[in-house]
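For reference, the structure is listed below as structure tokens.
The values are calculated or read from the model by the stated rules, or taken from the named source; none is laboratory data. On a predicted model such as this, the values are computed, not experimentally measured, just so you know. Cβ sites come from the backbone with ideal geometry, for glycine too, and all protein chains shown count toward neighbours. Please note that ligands, DNA and RNA were not included when accessible areas were found on the heavy atoms of the full protein model with its side chains. Shrake-Rupley method; radii C 1.70, N 1.55, O 1.52, S 1.80 Å.
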Amino acid sequence: MKKLILMGLLLAVVGIMATGCSSCKSENKKQDTENEAYHDYDGVVQDFTAGTAKIQAMHRQTMFSLVGGDYEWRNSRIIFNDTVTTDNIDDIHITDINDVFCYWNDGMWVQYICSNVKNGLQIPFPINDVWIEDDDLNDQPMELSAEDALQRLKEWNGILPKAKFITLRLPVGPKPCNPQWVFGDVYDVLFIDAVTGDITDSNPAF
């Protein structure tokens, strides 16, 4: 009789443990699914005919859907199919648009990149290739799209830096300035004012 009671108790304990483990797995799976919402999104767009401004707006809406309005839009990189020159500028087309966002989560800054050729990606802070300080682009005045900035480069009479992309940034410095389309690199660069269209080879924030 004692053996039967002991066996019954043992089976009851095993049953409770199994139920608990199943519940843990279910809870872990739920948490993983919730976390994945911050790593991937289904807004991949291959067609760029809508224009860069519309796609940037879609990326910003993606961030609003993920974390609400409490995020910063740090920069937007427009990647071309080839190095831009005065000879081929009319044939240049866009191959990807990467928008970089930051938001505060559990006591730390999180960076998120919305891209058009792959799912959105959360990455460690900071981004290594940010070579000038960037301020938040949200609520900043902007008149020139990437397409407009290319047109300004076409009309400009100077020598173009070698670059396959152009980046929208709001430089931080002692002088206030408008958002800038930055074309080139830290050694050879042009700044195109995203409001006035003015072009300069020096950072307007300094």
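What to note about this one:
- The strands (runs of 3 or more DSSP E) located wholly in the stretch 88-199 that include 3 or more residues which are modelled with pLDDT of 95 or more occupy 165-169, 180-184, 189-193.
- Of the residues making up the stretch 65-84, those that are touching a Phe, Trp or Tyr at 6+ places or on another chain (Cβ under 8 Å) and at pLDDT 90 or above are TYR71, GLU72, TRP73, ARG74, ARG77, ILE78, ILE79, PHE80, VAL84.
- Residue, surrounded by the most Cβ atoms within 10 Å (Cβ to Cβ), within the stretch 62-76, restricted to residues that are of a type in the set (Phe, Trp, Tyr) and farther than 16 Å from ASP106 by Cα: TRP73
- Contact map, the stretch 167-178: first residue closer than 26 Å to THR95 by Cα, second residue acidic (Asp, Glu) and not in a strand (DSSP E or B), Cβ cut-off under 8 Å, separation 6 or more or different chains; pairs are LEU170/ASP135; LEU170/ASP136; PRO171/GLU133; PRO171/ASP135.
- Among the criteria (1) surrounded by 13 or more Cβ atoms within 10 Å (Cβ to Cβ); (2) modelled with pLDDT of 95 or more, the one ASN203 does not fulfil is (2).
- Pairing each residue of the stretch 143-158 that is in contact (Cβ under 8 Å) with a residue 24 or more places away in the chain with any residue that is open to solvent by 30 Å² or more (accessible area, probe 1.4 Å) and in a loop (DSSP other than H, G, I, E, B), provided the two are 6+ apart or on different chains, yields C-beta distances under 6 Å for GLU143/VAL195.
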